Every structure is written in C-alpha cells, then in structure tokens.
Amino acid sequence: MSNSKNNFPPARILAIESSCDETAAAVLENGRVLLSSVVASQIDLHTQYGGVFPEVASRQHIRTIYGVVDQALEKAHMSLENMDAVAVTRGPGLAGSLVVGMNMAKGLVLGNQLPLIGVNHLEGHIYSAWLYPAETPVPPPAPEFPILALLVSGGHSELNLITNHLEYQRLGSTLDDAAGEAFDKTARLIGLPYPGGPSVQKAAVNGDPKRFNFPRALQDGSYNFSFSGVKTAVLRTVRELEIQNAPLPVEDLAASFQTAVIEVLFDKTMKAAQEYKVKSIVVAGGVSANQQLRDTFLSQQKFPVFIPPLKYCTDNAAMIAAAGYYRFVHGKTDNLDIDVLPTWPLS
Ligand code: KG4
Ligand code: ZN
C-alpha cells in the first residue's frame, strides 16, 4: 500500500455516491490516497428541465452504476478481494437516487463478505479536503483539528466546528436557500443555463461587481446565512430594467451577485474561525469550485485553508471513501438493514 502519514490502520475502501445527479465510484487507501475516481454526470440529461428531475436521475443511476463501479476498480487495478469495506452515501439526497447506490453497495458487501459503511454526504464533502491522488510525490498536509468547515453545496450552506474526526458542532446554517441554490436560481433569473454556479462564474469574469449593491444578509452576529434576499434583489433589478426596456447587464448582475454571496460566506467564516481559535479552515461542497471564493479564502494569511481540487468539490465518491475510511477505523460500520436517509443533518 502507498505510504501516507496516518495514525490509523491501513484500509482500502470502495465507495459509491448516487445522492443526486452524479453516479460515482472510487477506490481509496488509508483515508487519503486516491487510486481511482469515476464520475458519470447527468448534467446533459437534466439541462432540458432546468434542474434535476428526480425520476430521471434514479433511472439513469440504475443504467450507469454497474459500469461506474467496474471502471473504478479497473482504474485502481484492483478487484473486490482487495477491498476492506464498501462505503456508500446514505443521505441526505434524493430518495430514489440514494436507494440505487445503497442497493448496489449492499449487493457487493453481501457477495464479498465486506463491512458496509453508510456515509453522510455532507461529511463526505468535508473529507474531500483530505484527498490526494496516488501519484502525488509528497503527501500534502491534512487539515489540523480543531477545524472550521464551510460547507456550501446545492442543498446546504453551513458552518461546522470539527473538534476531532467525526465530531461536528453546527455553528450556523442557511435559513432559506443554500448558496448553490441561490447561484442556480439567480442564473435562471438572468437567463443563464443550468447548473447556475459555473454559468454565473463565467459571466461574472467580465462583469462589474460594484455595479449593483445587493444585500449582504444576515448581519445579526450569528453564523446563519440567508440568500433569498439577494436573489429577490436580483429579481427586482431585472424587473426594473425590463420595464425600462433596457438590455440586461448579465455580466454585471452575475459579478455583483457573486460578490455579495462570497463576501458574506467569507466574513462569517473568518469571524467563526477567530472566535473558536481553529487551526484550519476547510471550504467544501460544489460552490467551493467557485474561483472567486477560492481566491478570497486563499489570499488571507490568518488561517491555513484547505479547499479540495476542483474535481472533488462537486459530487464524487472519493470524498465518500475518505469519510468512510474514518468511520471504518473508528468502528462505525453498519448493518445490512440500514435504509437511506433523504434528510440527515450532520449534527
Ligand atoms: O456539492 P454539489 O455538487 O451537490 C450538492 O451536494 O448539492 O453542489 C452543486 C452546487 C450547485 O448548486 C452548483 O450550481 C454549485 O454547486 N456550483 C457552483 C460552482 N460549481 C458548482 N457554484 C458557484 N460557482 C461554481 N463554480
Ligand atoms: Zn454534494
């Protein structure tokens, strides 16, 4: 096995992720060393609906999951006999999609007498900060506890204090839209295609972030977020411009919106990091793929910041394998009768 500095026993995990619109499988050693990661995206299928269509998603998972798992093992030059456990996303996510991954995992576990590990998808996003590809010559440092994790995805926006492996304390979360959801909805309002995050980012590159002063909510001293106000402010601006028959300044709208969201995420994270005297900050989830968000966090010097490489920001199974490993070495395996949990808070 590859060497990685780790005080836990070595283990190889095969992981499966199917909580939303990506069918993914990965093979990981020792919680960090990635041997393979395969992601079959359904974006093209859902674009016509302007968002994820649950029924279409679960059917597509069924079609692709066998191939994706096979490919992950093949790319890692491994077979199931080389695995120590199978990890799978148990929730949160779309019930019909989660079930496909769970059933696949249960089948593999039963047929090969392996332990099963049900993983929380949010925990997976956080553990994406531990990953590195097997060919990396020098293992990068892992985040040090206590960690402050900013988790920003399509379904969640929250700040968690992580005192040790698998020990989470939620400091705050969104009261309405998740950050990714705000990107997706705003994109639609200004005529940009799904998925909204990457389209807004692209349009914002040439936009003026100061043209529109969208609200920075919630300025209440808490670590909660609210993004519906900024989305409504964009809508109001669009309507006013339409009444005036003015052309829509899509790039300026995108840049002003993006800056408003990122400023709030950054300010609240830094405040919490200082209050809880953390040793590192982890930024994870689909929105952490945003270049302006990454630049903003990486340009400050107060705390070491860990943001996964782009391909591990959005949904993948490598992150599920990483979280699965830490559950496995802490003895947290599951029985075969576990069911999926479409709603499953991290703490
Ligand atoms: O983590 P993820 O792949 O799926 C969930 O668990 O929700 O996150 C998807 C979200 C979507 O809302 C998408 O628009 C957003 O992440 N996203 C981005 C970027 N790439 C993906 N948001 C802002 N900028 C990006 N570059
Ligand atoms: Zn996700």
Residue match in region 77-95 (condition: within 16 Å of ligand 1 (Cβ to nearest atom) and in a helix (DSSP H, G or I)): yes
Selection from region 190-203 of residues that are buried (at least 18 other Cβ atoms within 10 Å of the Cβ) and within 9 Å of ligand 1 (Cβ to nearest atom): TYR194, PRO195, GLY196, GLY197, PRO198, SER199, VAL200, GLN201
Residue in region 217-226 that is at pLDDT 95 or above, within 18 Å of the chain's Cα centre (by Cα) and either surrounded by 14 or more Cβ atoms within 10 Å (Cβ to Cβ) or not β-branched (Val, Ile, Thr) (or both) present: yes
Failed condition for GLY172, given (1) within 15 Å of the chain's Cα centre (by Cα); (2) within 22 Å of PHE306 (Cβ to Cβ); (3) surrounded by fewer than 24 Cβ atoms within 10 Å (Cβ to Cβ): (1)
Number of positions in region 6-25 that are surrounded by fewer than 19 Cβ atoms within 10 Å (Cβ to Cβ) and under 15 Å from the mean Cα position of the chain (by Cα): 0
Long-range neighbours under 7 Å by Cβ, at least six apart or interchain, first residue charged (D, E, K, R) within region 193-218, second away from ligand 2 (no atom under 16 Å from the Cβ) and part of a helix (DSSP H, G or I): ASP208/ASP252; ASP208/ALA255; ARG211/ASP252; ARG211/SER256; ARG216/ALA260; ARG216/GLU263; ARG216/VAL264
Some residue of region 36-50 being outside any loop (DSSP other than H, G, I, E, B) and buried (at least 23 other Cβ atoms within 10 Å of the Cβ): yes
Pairs, first free of Cβ contacts under 8 Å to residues at least 40 places away in the same chain in region 85-108, second buried (at least 22 other Cβ atoms within 10 Å of the Cβ), C-beta under 6 Å, six or more apart: none
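The values are calculated or read from the model by the stated rules, or taken from the named source; none is laboratory data. Predicted model, so just to flag it, every value in this text is computed and none were measured. Backbone-built Cβ (ideal geometry, glycine too); neighbour counts: all protein chains shown.
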